[in-house]
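The values are calculated or read from the model by the stated rules, or taken from the named source; none is laboratory data. Given the structure is predicted, the values throughout are model-derived calculations rather than measurements. When we count neighbours, we look across all protein chains shown, and the Cβ atoms used for this are built from the backbone with ideal geometry, even at glycine.
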Amino acid sequence: MLADDQLQLLTASIDGELTPAEVRLLRRLLQSSQEAHDLHARLQADLSLVRTLPQASPPADMVARILTRLPLVSPQSVGATTPPPARLRPAAPLSVPVSVTPPREARRSQRAAWAPLAIAASLLLAVTGGSFWFFLQQEQPGRAPGSGETARTRQQLPATPEPNFKDILPPDEAPLPSTPLPGNPPEHLAAESAPALIPQTRDVIPPPRPVFTGNAFPPLAPIAPLAFVEIHLPFLATVNEFTRVDTRLRFVEEVGKEPAYRVDLFARDPGHAAEVFQVAAQAVGLGIQSDPLSQERIKRKQGMAYVVYIECLTPLELGDLFTRLATEDQKNPQGVFGSIHAAPAIPADQKELKEILGIDPGLWKRPQPQPTRMSESKSISAGTADQLTRNLTMPPKLPTKSALLLTFAPTAYRSNPLTSREVQQFLNSRPERKPSVVPILIVIRQATG
């Protein structure tokens, strides 16, 4: 239910009497209260209906009928020299209300309305006059305050002389009287009046509490100096930043810290990104092997995730690969790749790679460098003819550095590694891993946001 001030605000808005501050209050009230909004709408509708009502015109004989009811004016009220008018006639048309109260009843109602005010004024005048008279009598000279006896009556009484205090009080120079010594009472009275002696016993004060001068808590062992730990944060940058030398060197330094790494490569279109990655890999001499199903999904630009496994590149060569990838990405007007996130591989990455390849490639297995052995000196021409003949007769080999590209997600679309010819060919052609290379798992996935 609306309050009175809210109802007054609504009615004042209909009458057009709101100030700017009240207009803002009305807007907030209409927005916060559905009841106020409905009432304001009804009031506006009623105002529109009232404005559309036709204006009623009074009847033509209304003035004549009113004048016939007015009393005649007597000559004594206007003077002897003034001719008595026949009837009072107005000089101009008057707007007379519909309901007219008779003059006699109007005067009677006026007298009844003034009666309480007259009584109240009379009482106030009486109280004021009585108070004024009372205080005037109290302040009149020759009258004692608070009594009716005048000063003249008091002067007729005999005056009583005032006492002389010098005759009553001792002089100031007189010696002080001696204090009488108390006398010993009789023995029989002393025996009766003396109370029985109660043996006085002193309170024994408890001994002081022992003061413990040691610490409130056992002393702690000496605190060792704080050790500073270097926090290893993952590498995070955009692909376009690899055109800068500092970003490339930072990536090469990061990849060289651990035996194996996982790289998440975010792209707007994973299918198109996989095509651009293959072009960049071929530009740096890296062959990409892929199964037909994955290549078909890449051509159709299906929004999936793809994985690239490389175990034949050093950190510096990996930096060249991503630098070439940034160069190829700049050829696209809108760009394909977003950010790149590199972190050391974890056991979960090894498990996923084992499901994709069918075997455990040994991510953390870094072979030790073998010492070089001094072979027996041979002539330059020894075996040259046989090697030349073998190179001319044998077909060209695949690139010594190759990588494998497969479907990563969803997992239902992955190829079976045991029946995939490309996976088996990649595993059979794996060269012996060098100590300087870093196995890396690259996942090309959809960028969010």
- Message: For Gln31, only one of the following conditions fails: (1) more than 34 Å from the chain's Cα centre (by Cα); (2) part of a helix (DSSP H, G or I). What is its number?
- Response: (1)
- Query: Looking at (1) in contact with a helix residue (DSSP H, G or I) (Cβ under 9 Å, 6 or more places away or on another chain); (2) modelled with pLDDT of 85 or more, which is the only condition Pro71 fails?
  - Reply: (2)
- Message: Given the criteria under 19 Å from Ala267 (Cβ atoms) and either charged (D, E, K, R) or at pLDDT below 90 (or both), does Lys378 qualify?
- Response: no
- Kindly provide the set of residues from the range 17-28 that are more than 30 Å from the chain's Cα centre (by Cα) and surrounded by 11 or more Cβ atoms within 10 Å (Cβ to Cβ), ordered by number. Leu18
- Could you check, for the range 52-59, whether at least one of its residues is at pLDDT below 80 and either small (Gly, Ala, Ser) or in contact with a helix residue (DSSP H, G or I) (Cβ under 8 Å, 6 or more places away or on another chain) (or both)? yes
- Taking Leu316 as the residue in question, decide whether it is under 16 Å from Ile440 (Cα atoms), in the same structural domain as Ile356 (by TED's automatic domain parsing) and touching a His at 6+ places or on another chain (Cβ under 9 Å). no
